[in-house]
Amino acid sequence: MEKIITDGIIFDVDGTIWDTTGVVEKAWNEALDICGLSYAHVKADTLKGLFGLPMMDIIAAILPEETPDVWEKYKPICYEKEDEYLKREPGTVYPGMAEALKKLSEKCPLYVVSNCQGGYIELMCEKTGFGKYFKDFTCPAYTDKLKADNIRIICERNGIKNPLYVGDTQMDANACKEAGVPIVFASYGFGKVEKPDYTIKNILELCEMI
């Protein structure tokens, strides 16, 4: 097997490190109830097809008949309930993740870039215990930028010359192409990717590739 040369691996979160869609379904539906929007209740399988998009795009997809004012009203309540639920009931970590992150962190620095809300990456790190493996992270809440720019930001401020991104959707692949970074497609996750640079069926495979 040809080895991949990298001095920094950047991870997506949802569909790559863990799956929170079952918990988020309950949280977001409660937020919809609070906003008087119970008709728009969403399922976990629907969320799997939306995670990775910017938050307002997700809300627009869930509430296509509502106005932007309603979307803005829903968003903070959605965030509040999601945080509340995930503190009680964390997401499901993909098999082998703890072992893989430990092994990979011994080979090169690890990072996180996601299109999530502020505090979400920190919550994932806290609930999984994976924070010790990641050197740096960012998301739109901290930069007001989306994934491609945030990948560049992580690379620039950490001096990464040969980055690698691990993600599970075509949106991840598009961001990587824009940022000029190879993508490892985590095929165990939520989506599909056309012509990824690399593909893994489980995260432990990546340990053998680096």
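The values are calculated or read from the model by the stated rules, or taken from the named source; none is laboratory data. Predicted model, so just to flag it, every value in this text is computed and none were measured. Reconstructed Cβ throughout: ideal geometry from the backbone, glycine too, with neighbour counts over all protein chains shown. Note: accessible area is taken over every heavy atom of the protein model, side chains too, but ligands, DNA and RNA are not part of it. Shrake-Rupley method; radii C 1.70, N 1.55, O 1.52, S 1.80 Å.
Residue pairs whose Cβ atoms lie under 9 Å apart, sitting 6 or more positions apart in sequence or on different chains, and linking a residue in region 85-114 that is touching a residue at least 12 places away in the same chain (Cβ under 8 Å) and part of a strand (DSSP E or B) to a partner that is open to solvent by 30 Å² or more (accessible area, probe 1.4 Å) and of a type in the set (A, V, I, L, M, F, W, C), are Tyr111/Phe137; Val112/Phe137; Val113/Phe137; Val113/Ile153. The set of residues from region 187-198 being open to solvent by less than 70 Å² (accessible area, probe 1.4 Å) and either assigned to a strand (DSSP E or B) or touching a residue at least 40 places away in the same chain (Cβ under 8 Å) (or both) comprises Tyr188, Gly189, Phe190, Gly191.
Within region 170-181, residues that are touching a residue at least 12 places away in the same chain (Cβ under 8 Å) reach partners that are open to solvent by less than 60 Å² (accessible area, probe 1.4 Å) and among the β-branched types (Val, Ile, Thr) with beta carbons closer than 6 Å, at six or more positions or on different chains, in the pairs Gln170/Val193; Ala173/Ile183; Ala173/Val193; Cys176/Ile183; Ala179/Ile151; Val181/Ile151. If I filter region 47-70 for residues that are surrounded by fewer than 16 Cβ atoms within 10 Å (Cβ to Cβ) and under 30 Å from Cys207 (Cβ atoms), do I get at least one hit? There is at least one residue in region 47-70 that is surrounded by fewer than 16 Cβ atoms within 10 Å (Cβ to Cβ) and under 30 Å from Cys207 (Cβ atoms). Glu66 fulfils the conditions (1) in contact with a helix residue (DSSP H, G or I) (Cβ under 9 Å, 6 or more places away or on another chain); (2) over 30 Å from Val193 (Cα atoms); (3) part of a helix (DSSP H, G or I); (4) in contact (Cβ under 8 Å) with a residue 12 or more places away in the chain except for a single criterion, (3).
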